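Here's the structure we're looking at; comments come further down.
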Amino acid sequence: MAISFKKSYKFAFRSATYITVAITLFLSTFLWLKDELDWLLLIVFMLITFTVCFFVIQLRVEKFIYKRIKRIYDDVSLLESSSLASRTVTTDMGTLTSEIEKFAKDKKIEIDTLKIREEYRRDFIGNVSHELKTPLFTVQGYILTLLDGAADDKVLRKKYLQRASKGVDRLIYIVKDLDLITKLEVGDLNVELREFNIVELIQNVFDLLEMKAAKKNISLTFDMKYKTPILVNADREKIQQVVTNLLVNSIKYGHENGTTEVSVENLIKNKVIVRVTDNGEGISKQNIPRLFERFYRVDKSGSREEGGSGLGLSIVKHIIEAHNERIYVESVQGVGSEFSFTLEKVNPK
């Protein structure tokens, strides 16, 4: 570690002054009583005394402080702090105090960040285990029942094998979504941009989810009739997954006889915004910031009646961000939600 001194002579100057004045007063009184007072000699004595005291005090105090401050720097260097340990040692108290305060503030921010990450890690591991153990225990239960003798009954055997197969399908679904989101996060998934009609794509998703929506009598509609195509430049397959995930969520948490409406609006010259609006359950304010986390559930009851991998919104966010676009959410609990995302528009030639 390089060593340099940022010296402050205030303490040494004052101390030397006090000592010089005290000794000079004592000496002048003594000489005056003996009637041997010599002002020239007294002034020279004062100057020599002040100079000697000043340098002795300055050097001793600085060495004393330096030894102890260097210990602080050495201790900090063990923490590998780039904000303090890499700096030169200073014995200036004001500078040192400022550096230590900044170091403490940076460490507090670092500790708070680690706490947040640790909480996220615990939630993630807990959610993953919950998502996986439900279908695993289901499959295990049916297989054990079959091994215990139910396999001899043809009706039960077929019924239980079909249910076990559904459990396996759910496990595969979760693993595939985890694999997809991992690739999206590390940027290992190529986005193939091409022109397509976003209105046509949304209508295709409506057709695919028609039966699912019909079970809750939810209407899937556009906000208006789009007479001309709206061309965008994006990965068609992945944007279809985005629209599908958003609509599935809207149906899942929508009210019976509800409505899910999709609109495509011009945002700026080369951007469109796709809005998916419903009149379902809505989301509370405290849950909105964590909506796009993997496996995060607004419903803490642990119910899985609606199925899904719990990764839908997280995948949506990563796909949109892979296109260098933005996704937004607005929601009022008990009123409904609106998810929207931007896409690059292809202007007609």
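Each of the peptides 249-259, 105-115, 174-184, 233-243 was scored by the mean count of other Cβ atoms within 10 Å over its residues; in descending order, highest first, they stand as 233-243, 249-259, 174-184, 105-115.
Rounded if a/c is under 1.5, else prolate if a/b beats b/c, else oblate: with a ≥ b ≥ c from the C-alpha gyration tensor eigenvalues square-rooted, which is the stretch 95-248? The partial results should precede the final answer.
On the way: a/c = 2.89, a/b = 1.22, b/c = 2.37.
Oblate, because a/c is 1.5 or more while a/b does not exceed b/c.
Computing FRET efficiency as 1/(1 + (r/R0)^6) for GLN286 and PHE64, where r is the C-beta to C-beta distance and R0 is 56 Å, gives about 0.55.
Under 12 Å from the Cβ of SER263, count the other residues' Cβ atoms, weight Lys and Arg +1, Asp and Glu -1, and hand me the total. Can you show the working numbers first?
Numbers: positive: LYS225, ARG275; negative: ASP223, GLU261, GLU265, GLU338.
Its environment carries a net charge of -2.
How charged is the neighbourhood of GLU192? Take every other residue with its Cβ under 9 Å from the Cβ of GLU192, and add Lys/Arg as +1 and Asp/Glu as -1.
Numbers: positive: ARG194, ARG236, LYS238; negative: ASP235, GLU237.
So the environment of GLU192 carries a net charge of +1.
Treating r as the C-beta distance of PHE45 and ILE100 and R0 as 30 Å, the FRET efficiency rounds to 0.10.
For the residues TYR9, TYR142, what sequence is obtained by ranking on other C-beta atoms within 10 Å, fewest first? Intermediate results must be reported in sequence, preceding the final value.
Values: TYR9 13, TYR142 22.
Fewest to most other Cβ atoms nearby, the residues stand as TYR9, TYR142.
Fully extending the segment from ALA151 to VAL186 would add 8.1 nm, taking 0.36 nm per residue of separation and subtracting the current Cα-Cα distance.
Taking all pairs of distinct Cα atoms, average 1/r, flip it, and tell me the Kirkwood hydrodynamic radius of the stretch 109-185 in Å to one decimal place. Could you put the intermediate results ahead of the total?
Numbers: mean 1/r = 0.0672 Å⁻¹.
This gives a value of 14.9 Å.
Going by how many other beta carbons lie within 10 Å of each one, how would you line up THR29, THR260, fewest first?
Details: THR29 11, THR260 24.
Fewest-to-most ranking of THR29, THR260: THR29, THR260.
Partner lysines whose Cα lies under 16 Å from the Cα of LYS115, excluding those fewer than 8 positions away in the same chain, are identified as LYS105, LYS107.
Partner lysines whose Cα lies under 26 Å from the Cα of LYS271, excluding those fewer than 8 positions away in the same chain, are identified as LYS225, LYS227, LYS238, LYS317, LYS345, LYS349. Computed extension length for TYR18-LEU114: 29.4 nm, one decimal, from 0.36 nm per residue of separation with the Cα-Cα distance subtracted.
Computed from the coordinates by the stated procedures, all read-outs in this text should not be read as laboratory data. Only a predicted model underlies this, so the values are computations on that prediction, with no experimental measurement involved. Every residue, glycine among them, receives a Cβ derived from its backbone with ideal geometry; neighbour counts consider all protein chains shown.
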